[in-house]
1. From the list LEU111, LEU60, exactly one residue is touching a strand residue (DSSP E or B) at 6+ places or on another chain (Cβ under 8 Å) and modelled with pLDDT of 95 or more. Which is it?
2. Residues that are free of Cβ contacts under 8 Å to residues at least 24 places away in the same chain and under 22 Å from the mean Cα position of the chain (by Cα): list the helices (runs of 4 or more DSSP H) wholly contained in region 1-114 that include at least 1 such residues.
3. Out of all the residues in region 176-200, which are without any contact (Cβ under 8 Å) to a residue 40 or more places away in the chain and either in contact with a helix residue (DSSP H, G or I) (Cβ under 6 Å, 6 or more places away or on another chain) or farther than 23 Å from ALA103 by Cβ (or both)?
4. From the set of residues in region 130-184 that are of a type in the set (S, T, N, Q) and part of a loop (DSSP other than H, G, I, E, B), which is nearest to VAL113 (Cα to Cα)?
5. Could you go through region 207-217 and let me know if any residue there is touching a Phe, Trp or Tyr at 6+ places or on another chain (Cβ under 9 Å) and either touching a residue at least 60 places away in the same chain (Cβ under 8 Å) or assigned to a helix (DSSP H, G or I) (or both).
Amino acid sequence: MKSIFLDCNDQLAPVWARVIRPDDPKIEVNREVFARDELPSVIRGYAIAIDDHSYMPTPLVAQCPELRHIVFLGTGPASYMNVGELEARGIKVHIIKGYGDTAVAEHSIALMVAAARDIARMDREVRAGTWTPHEGVQLLGKTLGVIGLGGIGREVARIGKGMGMEVIGWNRTHHAGLSVPLVDIDTLLERSDVVSMNLTLGDETRGFLDAARIARMKPGAILVNTARGALVDEAALIAALTSGHIRHAGLDVYHAEPLKPDHPLTKLPNVTLSAHAAFRTLEASMTLLRRAIDIVRTIVA
C-alpha cells in the first residue's frame, strides 16, 4: 500500500528524520506547499495519507479513489475534514491521542498567565516605545474552570492546583479517577475566574460556548482555548471582549487557520494569540510522528 506524509513542514521534517526507522514501511514525504484545491494531485495514487493539519474536503478526496486511510496528526480531524462523509466513502480516519497532553496543558497555562498579566500587550507597547505598566490579576486563590477533563484537561487541572488555584470541572461523562470536583456548566461559568476549553470538537460540541453561555461567564473572566476554535461562538466572543465582559482571551485555535492579519481578533488589545502551537514541543512531536508511523505499519501489515 502506497503511503504519503502529505504536508511535512520545515519544523516537522527534522523530527521525522529522527523517528523514522530503516524497517518502517516506505512513506513518501511531501514538503512542497500546495493550495487546497491541489490536494488531489498530492495524494492521488496513495492508499494511506498522513495529514498534519491540511484541509481535506470530501469533494477533493473523492477524486482519489485509491485512498483508504487518513492518519490525522492529532485528535481533532473534524476541523479539517468531514469524518462521517469520508468514512461513508470507505476511508478510515485514524487519530492519535495522548501524545501531547502535557505540552498542550503547559501552553494553556502559559496563555492563562500571559492573559492575567497583559504580557503580550506590554511587549507590543514596549517595542513601540510606550512604557505603561498594566495592572494584572493574581491567580493564587482564583477559580479555574476546566471544560473537558480528558488527558489535557486533567493536566491543566493538575498544574492549576499546583499554582494554588481552586479547580472545578465540567465533563460530558463522569468517569473514575477524576480528582476535580464536577459542577454543571452554568455553575462553572458563573464561578470561574479563568475558563479553560479542553473539549474535543464534534457535532455535539460545535458552538458549545455560545452567546448565552458567554453571557453567563463571570464578569472580567479570562478565557483560554487551546482545543478548537469552533467550540466557541466567535462573534459572541469578540463582542464580550469588546465590552470587557471577558477581560482577556488567550487563543491558540481559530475558526479558520491560519488567522488572517486583518481578522477582528488581531485588532483587540485584550487578546493573546498563538499559532496553533500548543502541541508543538520536540518531545510531543517525536511521540506524535512515531505513533503515526506505527499506525501505517499496522495498516500495511
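1. LEU111
2. 12-19, 83-88
3. ALA176, VAL180, PRO181, LEU182, VAL183, ASP184, ILE185, ASP186, THR187, GLU190
4. Across region 130-184, the extreme among qualifying residues is GLN138.
5. No; the residues of region 207-217 include none that is touching a Phe, Trp or Tyr at 6+ places or on another chain (Cβ under 9 Å) and either touching a residue at least 60 places away in the same chain (Cβ under 8 Å) or assigned to a helix (DSSP H, G or I) (or both).
Every residue, every condition in (1) within 23 Å of LEU209 (Cα to Cα); (2) surrounded by 18 or more Cβ atoms within 10 Å (Cβ to Cβ); (3) not assigned by TED's automatic domain parsing to the domain that holds VAL113, yes or no:
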| site | (1), (2), (3) |
| --- | --- |
| ILE152 | yes, yes, no |
| GLU155 | yes, yes, no |
| MET163 | no, no, no |
| VAL167 | yes, yes, no |
| ASN171 | yes, yes, no |
| HIS175 | yes, no, no |
| VAL180 | yes, yes, no |
| THR187 | yes, no, no |
| ASP193 | yes, yes, no |
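Yes/no per residue for (1) in a helix (DSSP H, G or I); (2) within 27 Å of ASP24 (Cβ to Cβ); (3) at pLDDT 95 or above; (4) not β-branched (Val, Ile, Thr):
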{"site": "HIS248", "(1), (2), (3), (4)": "no, no, yes, yes"}
{"site": "LYS260", "(1), (2), (3), (4)": "no, no, yes, yes"}
{"site": "THR272", "(1), (2), (3), (4)": "no, no, yes, no"}
{"site": "ASP294", "(1), (2), (3), (4)": "yes, yes, yes, yes"}
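The values are calculated or read from the model by the stated rules, or taken from the named source; none is laboratory data. Remember, predicted model here, so these are calculated numbers, not experimental data. Note: ideal-geometry Cβ built from the backbone for every residue, glycine included; neighbour counts use all protein chains shown.
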